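The values are calculated or read from the model by the stated rules, or taken from the named source; none is laboratory data. Quick caveat: nothing in here was measured; it's all calculated off a predicted structure. Cβ placement follows ideal geometry from the backbone for every residue including glycine, while neighbour counts extend to all protein chains displayed.
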Amino acid sequence: MGRSAILLAAALSAAIWQGGLPAAATQNMTLLHGEYGLYVAEAGDTIQVRWLTAVPDSGFLTIGVIGSGLAADEIRLTTGRSQAHAASFLRPADGPLTLRYGAVGSDEDRHQTTIWPVPERPPTGLGPVDSLFVVGDVHGEFDTLTAVLENAGLIDSDTRWSGGRNHLVFLGDLFDRGSDVTRTLWFIYGLERQAEAAGGRVHVVLGNHEIMVLTADLRYVSEKERLIADLHEMPYARLFDIRRSVLGTWLATKPGLIRIGEVLLAHGGVGRDFAVYSLQAFDDTLAAFMSEEVFYRWSLPADTVLPRIVMDSTALERRLDFFFGENSVFWHRSYVQADTLHEELRRVLDRFESELHVVAHTPAHDIARRYEGELLAVDLNAPATQLLFLSQEAGRLRPFRYGTEGPPEPLQPD
């Protein structure tokens, strides 16, 4: 029996939600298909794909092994008439897979997503770069994000990387509030590989809202994002399960603190309490804590019955403070809310051999300089409507901000 025959024999494909979308969702239903509502998970040798179509229809899923030469129609799966679809198959080979999926009866509702092996943890300390771009809290505002990235020349009109060897940092809080979180995550997931292939880099730094969703604190999840989970018949946090889902395992490799050249970047900011860490020690601690059973259990429904974990109170408090403490790297606000911490900031910069700290988390009207330009705050009241551009000029970093249109503007002194 050939590989494609084994795939088809092992496939489990079923429509999981019959009929059309609830009336409240019909006005946005075209924003649920493709990567707006895609879920992919891998357990052992089995991959499960769940997708939504724009209207009730039979669904299709084609699995392509990159570089294999397999004919697409040999491994095509179909589902019954529905708007929510699911199919499982045995992984045909190691390495990246191309998924083509959508509605059988619609030429417009056809999509493609490449699934990559789980990446290694990226380095947290990199050398200087000529051009560094930073986006603060995105909060699921996909259309605004792509507009500002296109205006800065980092993506083209098809939302593919066009930034060459530039570096782009997403400084946390991709999740919550906005309607298109899932689409935003798949976009950045693919953009990361496109940038790498062009000699550039896309960096994702975790924010407090990543930690919240990964631990099932869902207070700020939008109605449409909740609908995606309901249609897939699973709790929202399970869409990003860090042990099985493709997006969850990808996010679990991301750092909470990085340095590029002399620029230190963190979502909330590094205060004196967390300056006891080195870059590597902080990342090692983050990776270790996120791999523990206690972190994973925080993401499970409250009524889940599991064997008890024995952990002394001091160890538990350390983990709670690391992820949720008001002075943690994910939650720190004091630099932006006060103007009296210049000495503390300078000690932190010295500790991390940096000249500039870039933070998000605390929103303002515009990207702004603070503390004589040694701190740049990039979170905005209107998420992702601006991005920071740091240009290396005559041995110094000069800060600009891009909007969704027009040329970059130099940041004025604070």
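For the subset of region 272-283 comprising residues that are over 14 Å from S354 (Cα atoms) and in a loop (DSSP other than H, G, I, E, B), which member is nearest to the chain's Cα centre (by Cα)?
The residue in question is Y277.
Looking at G325, is it among the small types (G, A, S), crowded, with 16+ Cβ neighbours inside 10 Å and within 28 Å of L168 (Cβ to Cβ)?
Details: among the small types (G, A, S): yes; crowded, with 16+ Cβ neighbours inside 10 Å: yes; within 28 Å of L168 (Cβ to Cβ): no.
Considered against the rule, which asks whether it is among the small types (G, A, S), crowded, with 16+ Cβ neighbours inside 10 Å and within 28 Å of L168 (Cβ to Cβ), G325 comes out as no.
Out of the residues in region 284-317 that are of a type in the set (A, V, I, L, M, F, W, C) and in a loop (DSSP other than H, G, I, E, B), state the one that is modelled with the lowest pLDDT. If you could, list the steps in order and put the result at the bottom.
First, pick out the residues of region 284-317 that are of a type in the set (A, V, I, L, M, F, W, C): 286-290, 294-295, 298, 300, 302, 305-306, 309-311, 315-316.
From what's left, in a loop (DSSP other than H, G, I, E, B): 300, 302, 305-306, 309-311.
Numbers: L300: 86, A302: 72, V305: 61, L306: 66, I309: 75, V310: 69, M311: 79.
Taking the candidates together, the pick is V305.
Pick out the one residue from L227, L264, L247 that is over 26 Å from N166 (Cβ atoms) and in contact (Cβ under 8 Å) with a residue 40 or more places away in the chain.
The unique qualifying residue is L227.
When you check G127 against the structure, is it on the phi > 0 side of the Ramachandran plot and surrounded by fewer than 15 Cβ atoms within 10 Å (Cβ to Cβ), yes or no?
no
Does region 99-122 hold any residues that are over 15 Å from the mean Cα position of the chain (by Cα), surrounded by 15 or more Cβ atoms within 10 Å (Cβ to Cβ) and of a type outside the set (K, R), and which are they?
Start the filter on region 99-122 by keeping residues that are over 15 Å from the mean Cα position of the chain (by Cα), which leaves 99-114, 117, 120.
Narrowing the set further to residues that are surrounded by 15 or more Cβ atoms within 10 Å (Cβ to Cβ) leaves 99-103, 109-111, 113.
Across region 99-122, the qualifying residues are L99, Y101, G102, A103, D109, H111, T113.
Could you please find all residues in region 374-398 being surrounded by fewer than 19 Cβ atoms within 10 Å (Cβ to Cβ), on the phi > 0 side of the Ramachandran plot and either touching an Asp or Glu at 6+ places or on another chain (Cβ under 7 Å) or not assigned by TED's automatic domain parsing to the domain that holds R333 (or both)?
Listed by number, the list is empty, since nothing qualifies.
Is it true that R219 is on the phi > 0 side of the Ramachandran plot and modelled with pLDDT of 95 or more? Give the derivation first.
Numbers: on the phi > 0 side of the Ramachandran plot: no; modelled with pLDDT of 95 or more: yes.
In short, no.
Per-residue answers, yes or no, for (1) closer than 22 Å to L132 by Cα; (2) β-branched (V, I, T); (3) not assigned by TED's automatic domain parsing to the domain that holds V378:
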position: L247; (1), (2), (3): no, no, no
position: W250; (1), (2), (3): no, no, no
position: I260; (1), (2), (3): yes, yes, no
position: L264; (1), (2), (3): yes, no, no
position: G268; (1), (2), (3): yes, no, no
position: R272; (1), (2), (3): no, no, no
position: Q280; (1), (2), (3): yes, no, no
position: E292; (1), (2), (3): no, no, no
position: F295; (1), (2), (3): no, no, no
